[in-house]
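The values are calculated or read from the model by the stated rules, or taken from the named source; none is laboratory data. The model shown is predicted, which means the values in this text are computed figures rather than measured ones. Backbone-built Cβ (ideal geometry, glycine too); neighbour counts: all protein chains shown. The protein model used for the area step is the full one, side chains on, heavy atoms only, and it has no ligands, DNA or RNA in it. Shrake-Rupley method; radii C 1.70, N 1.55, O 1.52, S 1.80 Å.
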Amino acid sequence: MQWKKHFMLLVTSILLVGILAACGTADNKDEAKNGDGEAKKVLKLGTSADYAPFEFVDTAKSDEIIGMDMDIVKAIGDKLGYEIQVQDIDFNSLPTALENGTVDLVASAMTPTDERKKTIDFSELYYSAANMIMTTKDSGIETVEDLKGKKVGVQLASVQEELANKLNKEGTSMTLEKRNRIPEIVQELMAGRVDAAIVEEEVAKGYLADNKTLTVHKIETDEEEGYAIAFPKDSDLTEKFNAELQKMKDSGELEEIIAKWMKSETK
């Protein structure tokens, strides 16, 4: 009987220590996340991390998704008291992720087109953009007219795909090669499987720095081009983010973030 008492005491002690340890761990976790003692609000941010310098992974340093868009959203989130958790999603799937609640917002160099506005809401523009024809220096391609009859790479569901479709309707008659990610398009271009690609200006600059055989030519357009943060329809986040975005514009903070990511890019 004595050994049974000792055994029961031992089991009770182990259980008690486990419970106390679990409580202590939970308390420490809460303190780490919530220094003010309140529940931390989390927003799930969707992006397609293949679009340097806007959103990408510097694999030589870490697997963290970084870039201009990430800095802007995290700065606004911090001002509003949100923790931003980033999810890497193919660009063409981002609107659906917003609509079905997989993410709460999207920052992925997304242009607020009329078609997209039918199903999602946008903040004010935080960046003005331009589109370029990217090709090899020996291709002989310099203008939109030179794309006639050529194979041209574009990112699936991107504003560049929309632009290419518009140019085709206007008589350019190029064959579009659509890919999910920009690196795939550049790989096709370098391998000679496409003759050119339509890519955003700052994104193209990054590839020119690493590939001396590539060059770019600007596509002139009268339409306003730029990027905005996307939200589900009628989200109360849109107004909140717009208010903080305007403050960042007025204070110069937004300009500082843009300069941080653009200063190392070459013309």
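The table below gives the values:
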read-out	value
Any chance Glu225 is closer than 30 Å to Leu98 by Cα and surrounded by fewer than 20 Cβ atoms within 10 Å (Cβ to Cβ)	yes
Hey, Ser251 in contact with an Asp or Glu (Cβ under 9 Å, 6 or more places away or on another chain) and either touching a residue at least 60 places away in the same chain (Cβ under 8 Å) or exposed (fewer than 14 other Cβ atoms within 10 Å of the Cβ) (or both) or not	no
Residue within segment 129-150 that is under 16 Å from the mean Cα position of the chain (by Cα), closer than 25 Å to Lys233 by Cα, among the hydrophobic types (A, V, I, L, M, F, W, C) and surrounded by 14 or more Cβ atoms within 10 Å (Cβ to Cβ) present	yes
Checklist (1) in contact (Cβ under 8 Å) with a residue 12 or more places away in the chain; (2) closer than 30 Å to Lys249 by Cβ; (3) open to solvent by 20 Å² or more (accessible area, probe 1.4 Å); (4) not polar (S, T, N, Q) applied to Val103, failing item	(3)
Residue within segment 179-197 that is under 23 Å from Arg116 (Cβ atoms) and over 19 Å from the mean Cα position of the chain (by Cα) present	yes
Test: Glu202 is open to solvent by less than 20 Å² (accessible area, probe 1.4 Å), among the charged types (D, E, K, R) and not in a loop (DSSP other than H, G, I, E, B)	yes
Residue within segment 215-227 that is among the aromatic types (Phe, Trp, Tyr), more than 30 Å from Phe241 (Cα to Cα) and touching a Leu at 6+ places or on another chain (Cβ under 7 Å) present	no
2 or more residues of a type outside the set (A, V, I, L, M, F, W, C) and at pLDDT 95 or above: qualifying strands (runs of 3 or more DSSP E) within segment 69-150	82-88, 131-136
